[in-house]
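First the structure, in the form of structure tokens, and then the observations on it.
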Amino acid sequence: MVIDSLCDQAGEKDIAVVGLYCDFHAQEEQSTANVLGAMLKQFASRGGTGEHIREAFRKAKKEFGGRGLLPPDMIDIMKKAIAPLPRVFICIDALDECTARHRRELLESIREIVRVSPNTRVFLTGRPHIDHEIVKCFIKAVRIPISPTCTDIKSYLEMRLNGDTDPNAMDGELQTDIIRIILEGISER
Amino acid sequence: MSSGHQQVTSNINSFNNIVNFVTEIDAEGHQILQWLSALEPQQRHQGVRTNRLNGVGNWVLETSEFRTWRDADDGCVDPVLFCYGNPGVGKTYVR
């Protein structure tokens, strides 16, 4: 939602939004190099930074039968990609799902990028237990606790109940009762 | 007449440049993208967008924390915004 809203707002302005999801089931693939590479890919596919990347690719191809980029090289290219743009948003979901080592490397990479590129904004999500790691890396990071509002829960319940594949099992009264009781249960907590 | 001619030539030139640019991407682009990373975050993003219920979580976009983070001038706000919550509260859909 944040990505889409940022993208919509960016419109024709030269603002880049890059994002990725960490996934517990893909921890091995989500090495720092792969994650930074996925961000570079998004810069590459929006054009403008093609030259830096292509140059690095051609150089790497000649060496040792085609070497991959290392995170420091990727960070360098990323800084060059970010520099000409008025603003860049980097969004990463579920930071708690990557390994502790990858997370530390990734946060350090991001810290290096924002240090050199003040036009960058970083949006992160994760479970509360990694909060201290974020704060350690970004002392003044702004933090918002997420929990669904009653309105959110009500519209979600309505959607699910309306999607019931057995419409005969439900009537208006039962639906109202279900929503009321669940919402009461939540507010009691 | 002469300036019209120049305009046409210049249009043809920029058209050729565009064609060259596109061919170049076709020839090498796939290799480069694959070389950069095997991850395809846009696929997951499309899945999340499709499943998201419109309006849910919109309150985050309205918070002053979010707006300041998004709109403030460089250097006036910390660049990092962290949304945290327990499993299942909807962090992914917010993002």
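Which of the residues belonging to segment B:40-83 are among the β-branched types (V, I, T) and either assigned to a strand (DSSP E or B) or in the same structural domain as B:H30 (by TED's automatic domain parsing) (or both)?
B:V80
Taking the condition at pLDDT below 85, over 27 Å from A:V142 (Cα atoms) and within 18 Å of the chain's Cα centre (by Cα), does A:K41 pass?
yes
Any residue in segment A:160-178 that is of a type outside the set (S, T, N, Q) and either within 8 Å of chain B (Cβ to nearest Cβ) or at positive phi (or both)?
No, segment A:160-178 contains no residue that is of a type outside the set (S, T, N, Q) and either within 8 Å of chain B (Cβ to nearest Cβ) or at positive phi (or both).
Going by the conditions given, is A:R46 in contact with a Lys or Arg (Cβ under 9 Å, 6 or more places away or on another chain), in the same structural domain as A:P128 (by TED's automatic domain parsing) and either at pLDDT below 85 or under 24 Å from A:Q9 (Cα atoms) (or both)? Outline the logic, then answer.
Numbers: in contact with a Lys or Arg (Cβ under 9 Å, 6 or more places away or on another chain): no; in the same structural domain as A:P128 (by TED's automatic domain parsing): yes; either at pLDDT below 85 or under 24 Å from A:Q9 (Cα atoms) (or both): yes.
In short, no.
Among the numbered criteria (1) out of contact with any helix residue (DSSP H, G or I) (no Cβ under 9 Å at 6 or more places or on another chain); (2) under 24 Å from B:P87 (Cα atoms); (3) not assigned by TED's automatic domain parsing to the domain that holds A:D93, which one does A:A169 miss?
Here A:A169 clears every test but (2).
The values are calculated or read from the model by the stated rules, or taken from the named source; none is laboratory data. The structure presented is a predicted model; accordingly, all values stated were derived computationally and were not measured. Cβ sites come from the backbone with ideal geometry, for glycine too, and all protein chains shown count toward neighbours.
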